[in-house]
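Accompanying notes for the structure given below.
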Amino acid sequence: MLAHAETSVAQLPQFEPVPVSLPTNASYTLGAGDRVRIDIFIVPEYSDEYPVLVDGTLNLPLVGTVSVQDLTLEQAATRLADRYREFLVRPIVTVGLVSPRPVKLAIAGEVRQPGSYTVNLDGNRQFPTITEVIGLAAGVTLAADVRQIEIRRNYQGTPQTFSVDLWNLLREGDLSQDIVLRDGDQVFIPTATEIDAIATRQLADASFAPGDTAPFQIAVVGEVTRPGSYTVGADSEEPPTVTRAITVAGGIAPTADVRRLRLRRTTRDGTIEEVDIDLWQLLQAGDLSQDPLLQAGDTILIPEAAAIDVTEAQSLATANFSPDTIRVNVVGEVVSGGTQELPPNTPLNQALLAAGGFNNRARRSSIELIRLNTNGTVSKREIEVDLASNVNPEDNPVLLNNDIVIVNRSALSSVSDALGAVLAPVGGFFSFINFFNIFDNLLQ
């Protein structure tokens, strides 16, 4: 039976770094809640099972109250023999542990649910190890430094501090690092000084990592289709990565500088950690260290590129974190105007062709391009059209999501429409006269 107490991180003790060390296999010490068997040789009437009371004492026949708090079983037997010696000749006393008291522990630092925990040692339940206690706290966070886990223990009134390296357990199977904890132990898991993407992936697969991927909040800002806050992790068995978060945000924008992404993380102690990410290395060399796992509260910052390389843009458009399509509105004098669903990095000429090309009323020499910028502004530019041109910023630029392409009427069509508007009333008047002429002819 496990119980989680209402203990905040601020209430837990602060830990200082200590040298790597492991505790010795010290004897069990008694405390409130233990149940012991006391046997007095040749005096069976005084032999029985007794509980250790809340003040750490035993209430025994003949000798009354005897304190056994923080004593080993051997030390308790010696103390009881001394007390019974006042009434018995050379008493031989043995003390055995019938059932140990519940183990109460505190755990703080880089775990998902820090606080105090109680483990009841019912039946054949063994004393908990450090990895089991981390599991009770819902696992370590991805920012944990499992190489320097600190344990503070008070053994018979003497404070002791140990350091455990669970990385040795993960890499080398060193079970000596998975130490058994005692009642009253305090565990602190520090924050790693830097984000190591490869180590983080290995840590995420550990038995003491979170066993589920409960949804959590992250933010994606900058050059993505839909920047903002997102809930991730609900549809995966492992924490999402940077590229997965970018996909959830609608995909990378063609204007993004994929070589200079930054991952910003707030640790349990409130410090901010940042790591540079180069997604171009992921695309070209398969470097998975550039696609780190995320945890709750992470922010991904994607800057705008100073210049766009056409060849790189085409490669980027095929990446799994690019949007499948972009929406471009082509309106005016085209055959099939309206919203066009186009592949990312589609140039202007291809968008015009997707809309069926110019109709016979179009001004074919230039178009207007209206762009909704990510900073909330709107830009408008006139572009000289050259359908034979390669992709370039001047006359065949790459289009972005929500761009608007306006194809105006040619000068001849404009004049024709203007004349039609002027002559329309005159034409209507002559049509009216002709109507009465027809009516007059019918009456004759």
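The values are calculated or read from the model by the stated rules, or taken from the named source; none is laboratory data. Predicted model, so just to flag it, every value in this text is computed and none were measured. For neighbour counting, all protein chains shown are included, and Cβ atoms are generated from backbone atoms with ideal geometry for every residue, glycine included.
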Within the range 39-71, which residues are surrounded by 15 or more Cβ atoms within 10 Å (Cβ to Cβ), under 51 Å from the mean Cα position of the chain (by Cα) and part of a loop (DSSP other than H, G, I, E, B)? VAL52, LEU53, GLY56, VAL68, GLN69, ASP70, LEU71
Going through the range 192-206 one residue at a time, which ones are among the β-branched types (Val, Ile, Thr) and closer than 17 Å to LEU282 by Cβ? ILE195, ILE198, THR200
What's the number of the condition GLU74 fails, among (1) buried (at least 16 other Cβ atoms within 10 Å of the Cβ); (2) part of a helix (DSSP H, G or I); (3) at pLDDT 95 or above; (4) not basic (Lys, Arg)? (1)
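Tell me, which residue of the range 172-195 that is without any contact (Cβ under 8 Å) to a residue 24 or more places away in the chain and over 23 Å from ALA26 (Cα atoms) is surrounded by the most Cβ atoms within 10 Å (Cβ to Cβ)? Spell out how you get there, then give the answer.
Kept after step one, since they are without any contact (Cβ under 8 Å) to a residue 24 or more places away in the chain, are these residues of the range 172-195: 172-175.
Add one more test, that the residue is over 23 Å from ALA26 (Cα atoms), and what stays is 172-173.
Values: GLU172: 10, GLY173: 8.
Selected residue: GLU172.
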Note down all Cβ pairs under 7 Å where the first residue falls in the range 357-372 and is over 12 Å from GLY332 (Cα atoms) and polar (S, T, N, Q), the second is at pLDDT below 90 and assigned to a loop (DSSP other than H, G, I, E, B), and they're at least six residues apart or on different chains. SER365/VAL385; SER366/VAL385
Quick test of your reading of the structure: ILE308 fulfils all but one of (1) surrounded by fewer than 18 Cβ atoms within 10 Å (Cβ to Cβ); (2) among the β-branched types (Val, Ile, Thr); (3) part of a loop (DSSP other than H, G, I, E, B). Name the failing condition by number. (1)
I'm checking my understanding of the structure. Among residues of the range 311-336 that are in a loop (DSSP other than H, G, I, E, B) and in contact (Cβ under 8 Å) with a residue 60 or more places away in the chain, which one is nearest to the chain's Cα centre (by Cα)? PHE321
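Looking at the range 276-283, is at least one residue among the aromatic types (Phe, Trp, Tyr), at pLDDT below 95 and outside any helix (DSSP H, G or I)?
Applying the first criterion (among the aromatic types (Phe, Trp, Tyr)) to the range 276-283 yields 280.
Of the ones still in play, those that are also at pLDDT below 95 are 280.
Of the ones still in play, those that are also outside any helix (DSSP H, G or I) are none.
Within the range 276-283, not a single residue is among the aromatic types (Phe, Trp, Tyr), at pLDDT below 95 and outside any helix (DSSP H, G or I).
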Reported set for the range 127-157 where residues are closer than 16 Å to ALA199 by Cα and among the acidic types (Asp, Glu) is ASP145
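Only one residue in ILE218, ILE272 is of a type in the set (A, V, I, L, M) and either within 13 Å of SER322 (Cβ to Cβ) or crowded, with 19+ Cβ neighbours inside 10 Å (or both), so which one is that? I'd like the intermediate steps shown before the answer.
Values: ILE272 fails: either within 13 Å of SER322 (Cβ to Cβ) or crowded, with 19+ Cβ neighbours inside 10 Å (or both).
It is ILE218.
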